[in-house]
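The structure appears below as C-alpha cells.
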Amino acid sequence: MRLPSRAGAGLACLVALTLSACSADDGTAERYDADEVAGQVADAQREVAPQFDVERGSCPEGEELAQGASFDCTVVVGGAEATYTVTVESVSDGEAELAFTSDEAVMSAAGATDLVEEDAEERGYDEANASCGETEVLVGEPGDVITCTVAADGEQYDVDVEILDLDGAIQLVT
C-alpha cells in the first residue's frame, strides 16, 4: 500500500541574493549573510508547504560564494529539521543566484499515521491508534524507514513505513 504525501515535495528553487559587505578580509572572495540565506530557504519551504509552521533555520558562516560552490542549511518544518543544499549558480555585480534543493522528503506525519491505522483495521483490529513520531512533519530520504507504534485492542506493536521518493510517497514494509 502506497500513500502520497500531503505536505509538499523536496524543495527546489532559484533565488537572487544581494551581497552586502561580503568581501573577505583579504578581498579575495565574496561571502554572504548566513541569516539572510537561512531566511530565504525558510521562505521557499513555506511556499511549497504552507500548511506547516516553518522556523528560520541556520546556514554556516563564512562560506565562499563562487559559482558551483555549495553548502548545507537547515530549517525546522512542523517541528522536524530538514536539510537543504544551497548551490551558488552565479555571482556577478554584488548579486548571487542561489539554488536550494533537498534530498529529503518533507511530509505530513498524519499521512503515515492514517496509512498505519488503515492497515491495522484491515488486519481486523478495532479502533487502532497509531503514532509515527512527535512532530507534525516527517523528514527523510527515499529508502529511509520510519517506525510507527500502533495501539489496538489492548495490544501495542510497531509497523515500519518506507519513504519511496522525494514527493513523500510511502508504503508499509512487510
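The values are calculated or read from the model by the stated rules, or taken from the named source; none is laboratory data. Computed from a predicted structure; not experimentally measured. Cβ: placed from backbone, ideal geometry, glycine included. Neighbour counts: every protein chain shown. With ligands, DNA and RNA removed, areas are computed over all heavy atoms of the protein, side chains included. Shrake-Rupley method; radii C 1.70, N 1.55, O 1.52, S 1.80 Å.
What the table below lists for this structure:
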{"read-out": "Estimated FRET transfer efficiency (ASN129, ASP165; beta-carbon r; R0 22 Å; 0.05)", "value": "0.20"}
{"read-out": "Nonlocal amide H pairs with ALA105, under 5 Å, H built at 1.01 Å", "value": "GLY140, GLU141"}
{"read-out": "Antiparallel %, DSSP beta bridges [both residues in region 40-174], to 5", "value": "100"}
{"read-out": "Accessible surface, per residue, of region 72-174 when the full set of protein chains is kept, probe 1.4 Å, Å²", "value": "46"}
{"read-out": "Per residue, the convex hull volume that the Cα atoms of region 23-131 enclose (Å³)", "value": "101"}
{"read-out": "Approximate spin-label separation ASP114-ASP158, in nm, with each point projected 7 Å along Cα-to-Cβ", "value": "2.6"}
